[in-house]
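Engineer: Have a look at this one before I ask anything.
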Amino acid sequence: MKQRLTILGSTGSIGTNTLDVVARHPDQVDIFALSAATRVDALLAQCARFKPRYAVMASSAHARELAEKLKANSLPTQVLQAQDALEQIASHEGVDAVMAAIVGAAGLAPCLAAARAGKRLLLANKEALVVGGEVFLRAVREGGATLLPIDSEHSAIFQSLPEDRATWARRVDHILLTASGGPFRTRDPATLRSVTPDEACAHPNFVMGRKISVDSATMMNKALEVIEARWLFDLAPDRIRVVIHPQQIIHSMVQYVDASIIAQLGTPDMRVPIAVGLAWPERIASGAAPLDFAQMAALTFEEADERRFPGLHLSWRALAAAPGTTAVLNAANEVAVAAFLQRRIRFDQIHAVNRATLEAVTPSNPDSLPALLALDERSRAAASAQVARFQ
Ligand code: NAD
Ligand code: MG
């Protein structure tokens, strides 16, 4: 049977890569709904090509503009304008699978809606899991949803683990998340204070959204991924390790108790984990070029330098602190990265904002979506106050 797919954040980097894979398999996937924040013309073009039943924009002004343009082009897609429109397209009975590709905590509510409705949830939006933690996993369990990781490292680990989840705890010693090291891996750390947003977004191997690009430069992306792995694979934080691997050919590895390591390899192309998520447990063509071992130079590995990447260790610290602390860290980082991209703070001040916000906000065990959203808001206010101190 054809899979009916909603894409949350279809105009972004993951969203467009998803549509690229979907377009290769018109007999297997139908697009049910698409959504975007502000890019009306990009979403209009996607509606013309993929004919979704519904489209959602983040503001009513953009939604009205899209509705007018759809009508002018005689396209049948209906624009949903309700406050909870994203939740509706994530949990609608006509949907089988949801690609969560919104950036930031803004994606949490629709992810929870998809989880509670028992959908197949393809999770790129790591911030939603970092903020949601146990609440997110409970919704997956209670809704009977299937949670499939799209982040390339987590897809690699998912593919390298035994299928029987019940055996992970006794068979697996630890997992190794690989990290590219970003654009500043070899730059003199003393010069990091002067980097510009464009320099920070120039990732060596991927073109991605600006937020995750900055996160890759600070390695806060890896910090968020450590937290994401803790929840996805139910591993104690000390069983999650990080190693720098600049070529990004090995996408992550699992070390078993007998010292054997199983890794997943391939060209760095997000269409691979997207195709894995769409088809699992089957396999479908992704459009990515296979690895050419004859052309491949050396694979190298390095330890992450704490002076260059002080943010990485905030993940283990947040996981060891009171429940909800990872939501505080995520909110601080979203505020700090936005301030850096607006040139309101320096690159090295992102870490200062994150650390100070962790110290300023003590969560009180948020165990529901409203509690998490309130904590997110409180943390953003605290982080904004830290940003203001630097101005
Ligand atoms: P992006 O900025 O390119 O795209 C984000 C999408 O979300 C866009 O379609 C945008 O319109 C939409 N959006 C943003 N804010 C929104 C809001 N408030 N409400 C509704 N829609 C909103 O980002 P991306 O690089 O595609 O990343 C998306 C997610 O996937 C992030 O969580 C990122 O960490 C994760 N991820 C991305 C990559 C990658 O290669 N790009 C790899 C792994 C994980
Ligand atoms: Mg990743």
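The values are calculated or read from the model by the stated rules, or taken from the named source; none is laboratory data. Small disclaimer: the values here were computed from a predicted structure and weren't measured. Here the Cβ positions follow ideal geometry from the backbone for every residue, glycine too, while neighbour counts run over all protein chains shown. The accessibility values were calculated without ligands, DNA or RNA, using every heavy atom of the protein model including side chains. Shrake-Rupley method; radii C 1.70, N 1.55, O 1.52, S 1.80 Å.
Engineer: Given A356, A332, A297, A336, which one is small (G, A, S) and open to solvent by 60 Å² or more (accessible area, probe 1.4 Å)?
Structural biologist: Matching residue, one of A356, A332, A297, A336: A297.
Engineer: State whether one or more residues within region 62-78 are under 23 Å from L123 (Cβ atoms) and either under 24 Å from the mean Cα position of the chain (by Cα) or surrounded by fewer than 21 Cβ atoms within 10 Å (Cβ to Cβ) (or both).
Structural biologist: no
Engineer: Continuing with the same structure: Can you pull out the residues in region 138-175 that are in a strand (DSSP E or B) and among the polar types (S, T, N, Q)?
Structural biologist: If the condition is that a residue be in a strand (DSSP E or B) and among the polar types (S, T, N, Q), then T146 is the only one that fits.
Engineer: Here is a list: A285, A304, A321, A331. Which entry is farther than 21 Å from V353 by Cβ and aliphatic (A, V, I, L, M)?
Structural biologist: Exactly one residue qualifies, and that residue is A285.
Engineer: Further question: All but one of (1) crowded, with 19+ Cβ neighbours inside 10 Å; (2) closer than 21 Å to A318 by Cβ hold for A236; state the number of the condition that does not hold.
Structural biologist: A236 satisfies every listed condition except (1).
Engineer: Something else about it: Name the pairs: first residue in region 197-212 and outside the structural domain of R346 (by TED's automatic domain parsing), second residue assigned to a helix (DSSP H, G or I) and among the aromatic types (F, W, Y), Cβ to Cβ under 8 Å, at least 6 apart or on different chains?
Structural biologist: Hits for this filter: P197/F340; A200/F340.
Engineer: Moving on. Out of (1) within 13 Å of A105 (Cβ to Cβ); (2) in a helix (DSSP H, G or I), the odd one out for P366 is which?
Structural biologist: (2)
Engineer: Could you tell me whether any residue of region 218-231 is hydroxyl-bearing (S, T, Y), in contact with a Phe, Trp or Tyr (Cβ under 8 Å, 6 or more places away or on another chain) and either outside any helix (DSSP H, G or I) or open to solvent by less than 50 Å² (accessible area, probe 1.4 Å) (or both)?
Structural biologist: yes
Engineer: Taking interchain pairs and intrachain pairs at least six residues apart, which have beta carbon atoms under 6 angstrom, with the first residue in region 140-169 and over 24 Å from R116 (Cβ atoms) and away from ligand 1 (no atom under 14 Å from the Cβ) and the second charged (D, E, K, R) and open to solvent by less than 40 Å² (accessible area, probe 1.4 Å)?
Structural biologist: Close Cβ pairs (under 6 Å, with a partner that is charged (D, E, K, R) and open to solvent by less than 40 Å² (accessible area, probe 1.4 Å)) do not exist here.
Engineer: Further question on the same structure: Within region 311-325, is there a residue that is crowded, with 19+ Cβ neighbours inside 10 Å, out of contact with any Leu (no Cβ under 8 Å at 6 or more places or on another chain) and either of a type in the set (D, E) or farther than 22 Å from A139 by Cβ (or both)?
Structural biologist: Yes, region 311-325 contains at least one residue that is crowded, with 19+ Cβ neighbours inside 10 Å, out of contact with any Leu (no Cβ under 8 Å at 6 or more places or on another chain) and either of a type in the set (D, E) or farther than 22 Å from A139 by Cβ (or both).
Engineer: With the checklist (1) under 30 Å from E282 (Cα atoms); (2) open to solvent by 10 Å² or more (accessible area, probe 1.4 Å); (3) at pLDDT 95 or above; (4) among the small types (G, A, S) in hand, flag the one item A169 doesn't pass.
Structural biologist: That leaves (3) as the condition not met.
Engineer: Return yes when Q255 is open to solvent by less than 50 Å² (accessible area, probe 1.4 Å), outside any helix (DSSP H, G or I) and within 16 Å of ligand 1 (Cβ to nearest atom) and no when it is not.
Structural biologist: no
Engineer: Can I ask one more? Hand me the list of helices (runs of 4 or more DSSP H) wholly inside region 1-117 holding 2 or more residues that are within 16 Å of ligand 1 (Cβ to nearest atom) and farther than 28 Å from P370 by Cβ.
Structural biologist: Of the helices (runs of 4 or more DSSP H) lying wholly inside region 1-117, those with at least 2 residues that are within 16 Å of ligand 1 (Cβ to nearest atom) and farther than 28 Å from P370 by Cβ span 13-23, 40-50, 60-72.
Engineer: Can I ask one more? For region 206-217, enumerate the residues that are assigned to a helix (DSSP H, G or I), within 12 Å of ligand 2 (Cβ to nearest atom) and open to solvent by 30 Å² or more (accessible area, probe 1.4 Å).
Structural biologist: I212 - this is the single residue of region 206-217 that is assigned to a helix (DSSP H, G or I), within 12 Å of ligand 2 (Cβ to nearest atom) and open to solvent by 30 Å² or more (accessible area, probe 1.4 Å).
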